[in-house]
């Protein structure tokens, strides 16, 4: 299977166009970090950087045994990297956060092998950002469509069921739709900074009843002698990363549906190479860590990723995961806080629904028509759901 997937011409080459060569990489280390990151702009998020993707591969988070086989696409002109996208041959649907289990079951009923499929995105990371890296190129749309055509061709030639581009940008969605990809809508809850000066200033944006409840939840931590501190950048120590991994694993192990995607080596390896983007929020009681969150940040946003607790205390989760994260954003002047997938209860903490998008190419005609109809209906439902949620926002309208 892997040999057939690699390409029809020579080695990992996909195909050539005038002055361009497209090929796949089985490891991201086949290109330099400098060349890859030169294509990563601010709209891409830190998760698209070479160090993050390389650590996932190096520490055993993505490999054939885990059902994620890297086949990253790179576009070269005169030997120079001009575009790229992280692409995986996927043997299941876990760790994507754009759920298609029903699609897999329907494909089975049609006699179609749904797996393997092609995924473009960041493993285990439901964060919107550029999926097609083009740097400052004036030909971004053409490069997106060039890689989109390559994805379709790989699916067609290897008789793969589908291609999925998850949590992509609007311009990418538009370019792919012209190639026959179908758009899929989703919702996440994000916090937006309205130029708040302090957490108290932020509280004034709430309706009075919810504002008083949040103040009560915040006071409860003081009554329990719990303090929350942020550790970021070069301040993060190897021991703190080990503690964060234990918190992450404890939380995963407690969930009946929990799956451990990340390894201890992944957490420890990020310390030196990716520390500028790390922000840990630790809750301490009597000078001992009892809970914490693992967050990634850049100059614009904080991305909440993982939470865990050694001890269960009232309102601890809300304070560590949301209130302290928002307070950190205000203090750092960050424009938004993305708290990850799911959780409508986040709206009670001042996070309102924001749209997400993904794009999907289905090879089989019967399957394609059914998915297209399903997505049309789903988009209408999502749009109405967002309207209803905004009408029940806990924040006063600016």
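A short reminder: the numbers here are calculations on the coordinates, not readings from a lab. This is a predicted model, so every value here is computed, not measured. Here the Cβ is made from the backbone with ideal geometry for all residues, glycine too, and neighbour counts use every protein chain on show.
Structure notes:
- Residue in segment 329-340 that is surrounded by fewer than 21 Cβ atoms within 10 Å (Cβ to Cβ), touching a strand residue (DSSP E or B) at 6+ places or on another chain (Cβ under 9 Å) and free of Cβ contacts under 8 Å to residues at least 60 places away in the same chain present: yes
- In segment 349-376, the residues that are closer than 14 Å to residue 103 by Cβ and out of contact with any strand residue (DSSP E or B) (no Cβ under 6 Å at 6 or more places or on another chain): 363, 364, 366, 367, 369, 370, 373, 374
- Residues in segment 129-153 that are more than 14 Å from residue 165 (Cα to Cα) and crowded, with 18+ Cβ neighbours inside 10 Å: 134, 140, 143, 146.
- Some residue of segment 220-234 being more than 16 Å from residue 318 (Cβ to Cβ), surrounded by fewer than 17 Cβ atoms within 10 Å (Cβ to Cβ) and in contact (Cβ under 8 Å) with a residue 60 or more places away in the chain: yes
- Residue count for segment 180-198, restricted to those that are over 21 Å from residue 385 (Cα atoms), in contact (Cβ under 8 Å) with a residue 24 or more places away in the chain and surrounded by fewer than 17 Cβ atoms within 10 Å (Cβ to Cβ): 4
- Hey, residue 290 surrounded by 14 or more Cβ atoms within 10 Å (Cβ to Cβ) and either over 19 Å from the mean Cα position of the chain (by Cα) or in a loop (DSSP other than H, G, I, E, B) (or both) or not: yes
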